Amino acid sequence: MKFIIGIGGVTNGGKTTLTNRLLKTLPNCCVVHQDDFFKKPDQIQVGEDGFRQWDVISALDMEAMVNTVKGWQENPVKFARSHGVNLSPEAEKSDSEQKGIHILIIEGFLIYNYKPLIDVYDKCFYISIPYEECKRRRSTRTYTVPDPPGLFDGHVWPMYLKHRKEMDNNCSRIEYLDGTTTKEDIYNAVYESVQNSLLNSL
């Protein structure tokens, strides 16, 4: 059985922390990180706000991302092996995904804003945190391309609000998570929800 989980959320909301924890506890689990599909800096346009437009869908090679997801869908065993994922003995013995459960986590900040991806999810989660907390967390992070002064208020947060509204209209199956609660609480809520869905799917 194949099962795809979406872990979306605002920048610095805790998506990667949650994803990494789930990878360790869910069986035969692979991940596709949306951040791995950013285009090169010289391909990112400067918008009317004066900032390079990193927080928009056109900054990402979404076609390549979708093709990566399709690669997993076509052969999760082969995908797992090529990404160094340890499979259960049951899954390892067979090249058929009919044996055991195969899970893919798709993690990113705009994973519910691209129509070709919306229908692939069996479970959709989204972590949100308030403006002040998001700005505080963002200021403590070090990025490969450092944030220029004013980027958060001038581009990051306005784009988040725009895409959040778009996402709410695109996908009605999202389970929202409060990113201000403990990492443990967020993980437990997601793990329990996924386990219940897997049991119901068997």
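The values are calculated or read from the model by the stated rules, or taken from the named source; none is laboratory data. All figures in this text were calculated on a predicted structure; none of them were measured in a lab. Reconstructed Cβ throughout: ideal geometry from the backbone, glycine too, with neighbour counts over all protein chains shown. Note: accessible area is taken over every heavy atom of the protein model, side chains too, but ligands, DNA and RNA are not part of it. Shrake-Rupley method; radii C 1.70, N 1.55, O 1.52, S 1.80 Å.
For every residue, the table says whether it meets (1) within 30 Å of Leu199 (Cβ to Cβ); (2) out of contact with any Phe, Trp or Tyr (no Cβ under 8 Å at 6 or more places or on another chain); (3) crowded, with 17+ Cβ neighbours inside 10 Å; (4) free of Cβ contacts under 8 Å to residues at least 12 places away in the same chain.
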residue: Gly100; (1), (2), (3), (4): yes, yes, yes, no
residue: Tyr112; (1), (2), (3), (4): yes, no, yes, no
residue: Glu132; (1), (2), (3), (4): no, yes, no, yes
residue: Pro158; (1), (2), (3), (4): no, yes, no, no
residue: Thr181; (1), (2), (3), (4): yes, yes, no, yes
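Quick check on segment 179-196. Is at least one of its residues touching a Ser or Thr at 6+ places or on another chain (Cβ under 9 Å) and either of a type in the set (Asp, Glu) or closer than 22 Å to Glu48 by Cβ (or both)? No, because not a single residue in segment 179-196 is touching a Ser or Thr at 6+ places or on another chain (Cβ under 9 Å) and either of a type in the set (Asp, Glu) or closer than 22 Å to Glu48 by Cβ (or both). The set of residues from segment 57-72 being open to solvent by less than 20 Å² (accessible area, probe 1.4 Å) and either at pLDDT below 95 or not β-branched (Val, Ile, Thr) (or both) comprises Ala59, Leu60, Met62, Met65, Trp72. Only one entry in Tyr143, Tyr191 is surrounded by fewer than 12 Cβ atoms within 10 Å (Cβ to Cβ) and hydroxyl-bearing (Ser, Thr, Tyr), namely Tyr143. Looking only at segment 1-43, residues that are open to solvent by less than 20 Å² (accessible area, probe 1.4 Å) and assigned to a strand (DSSP E or B) come to 10 in all.
Does Gln53 satisfy the condition of being at pLDDT below 95 and open to solvent by 80 Å² or more (accessible area, probe 1.4 Å)? Don't jump to the end; show me each part of the working.
On the way: at pLDDT below 95: yes; open to solvent by 80 Å² or more (accessible area, probe 1.4 Å): no.
No; evaluated as a whole, the condition is false for this residue.
If you check Val194 against the conditions, is it among the hydrophobic types (A, V, I, L, M, F, W, C) and assigned to a helix (DSSP H, G or I)? Break it down stepwise before answering.
Values: among the hydrophobic types (A, V, I, L, M, F, W, C): yes; assigned to a helix (DSSP H, G or I): yes.
So Val194 passes the test.
Taking the residues in segment 73-89 that are part of a helix (DSSP H, G or I) and farther than 19 Å from Thr25 by Cβ as candidates, determine which candidate is least open to solvent (accessible area, probe 1.4 Å). Filtering segment 73-89 for residues that are part of a helix (DSSP H, G or I) and farther than 19 Å from Thr25 by Cβ, the one least open to solvent (accessible area, probe 1.4 Å) comes out as Val77. Glu48 meets the conditions (1) out of contact with any strand residue (DSSP E or B) (no Cβ under 9 Å at 6 or more places or on another chain); (2) assigned to a loop (DSSP other than H, G, I, E, B); (3) within 23 Å of Gly9 (Cβ to Cβ) in every case but one. The failed one is (3).
With respect to the stated conditions, Glu107 is assigned to a strand (DSSP E or B) and in contact with a Lys or Arg (Cβ under 7 Å, 6 or more places away or on another chain). Check segment 64-80 and report whether any residue there is aromatic (Phe, Trp, Tyr), out of contact with any Leu (no Cβ under 6 Å at 6 or more places or on another chain) and closer than 19 Å to Val10 by Cα. Within segment 64-80 (the criterion being aromatic (Phe, Trp, Tyr), out of contact with any Leu (no Cβ under 6 Å at 6 or more places or on another chain) and closer than 19 Å to Val10 by Cα), the answer is no, since none of the residues qualifies. Of the residues making up segment 1-36, those that are closer than 26 Å to Trp54 by Cα and free of Cβ contacts under 8 Å to residues at least 60 places away in the same chain number 2. Please name all residue pairs, on different chains or six or more residues apart, with Cβ atoms under 8 Å, provided the first residue is in segment 43-58 and is in contact (Cβ under 8 Å) with a residue 60 or more places away in the chain and the second residue is open to solvent by 30 Å² or more (accessible area, probe 1.4 Å) and of a type in the set (Lys, Arg). Within 8 Å, no pair qualifies.
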